[in-house]
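Okay, structure first, notes after.
All of the numbers you see were taken from the coordinates with simple rules; none came from a lab. Computed from a predicted structure; not experimentally measured. Here Cβ is always computed from backbone atoms with ideal geometry, including for glycine, and neighbour counts include all displayed protein chains.
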Amino acid sequence: MNIYRSSINPIVAIPRTENSMNHKTFPLSLIALLFSLTTIAQNAHSSTYLEATMDADASIISHTESSKTHKTLLAAMKAADLDKILGFDGPFTVFAPSDLAFEKLPSSTVAELLKPSNKKKVKALMTYHIIAGNFSASKILKAMCQGSGTASFTTVNGDELIATMQGVDIIIADKLGNRAKITSADSNQCNGVVHEIDTVIRPSKL
């Protein structure tokens, strides 16, 4: 059973989902001002996005491979055997820790995680950064509006993330209370969307 396909595993189904459209990357400080307009645009073009042909060269993993700020993330995805899934399956929303985010962890932690003997642990960590479905920043904001300021999302490993606002920033919190800020939103790929975050979120203590 492939846990990464939401259509065959209901544990990753997320409430309040809608189809989404492509958005250009833009500063998060503008999201609140543009929210109402982008929501209307999303609904008008959602079916076009879902009908797009899968292009492995424009996938989430391809985006990560070409990024200059996600080298550690790429290594962790490959160590967890997620590279093929994020290259051909979807749609997914990935909260992508930058290299600077990984540098906040103890110096030995990343090296330990990337060892073959720790594949189960690194997979649990990486799948905690992935949601089944396409959630643009405006969709996350809409979910927060419906939830009186907070929104809960179930990751593909079965644990929840909580989204809130801090000023104009979207904050993602894990179950341990670690908080990550979305620093670059809405990098749209053929099989989902990537949001860069400034902190590694964790399903358990590392």
key: Mean Cβ neighbour count within 10 Å, used as a protection proxy, ranking 85-93, 197-205, 142-150 highest first   = 85-93, 197-205, 142-150
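Scan the range 111-206 for chymotrypsin sites (Phe, Trp or Tyr not before Pro) in coil per DSSP, keeping those whose Cβ has at most 16 other Cβ atoms within 10 Å, and list them by number.
Here no loop site has a sparse enough neighbourhood.
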task = Beyond 18 Å between alpha-carbons counts as too far, so tell me which of Lys120/Lys205; Lys78/Lys121; Lys68/Lys121; Lys139/Lys181; Lys123/Lys205; Lys78/Lys119 fall in that bin.
result = Lys68/Lys121
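Can you give the Kirkwood hydrodynamic radius of the range 67-206 from its Cα pairs, in Å with one decimal?
Working: mean 1/r = 0.0664 Å⁻¹.
For the range 67-206, the Kirkwood estimate is 15.1 Å.
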inquiry  = Once you place label points 7 Å from the Cα toward the Cβ at Lys181 and Ser107, how far apart are they in nm?
reply    = 2.7
Cys145-Lys68 pseudo-label distance in nm [points 7 Å out on the Cα-to-Cβ vector] = 3.6
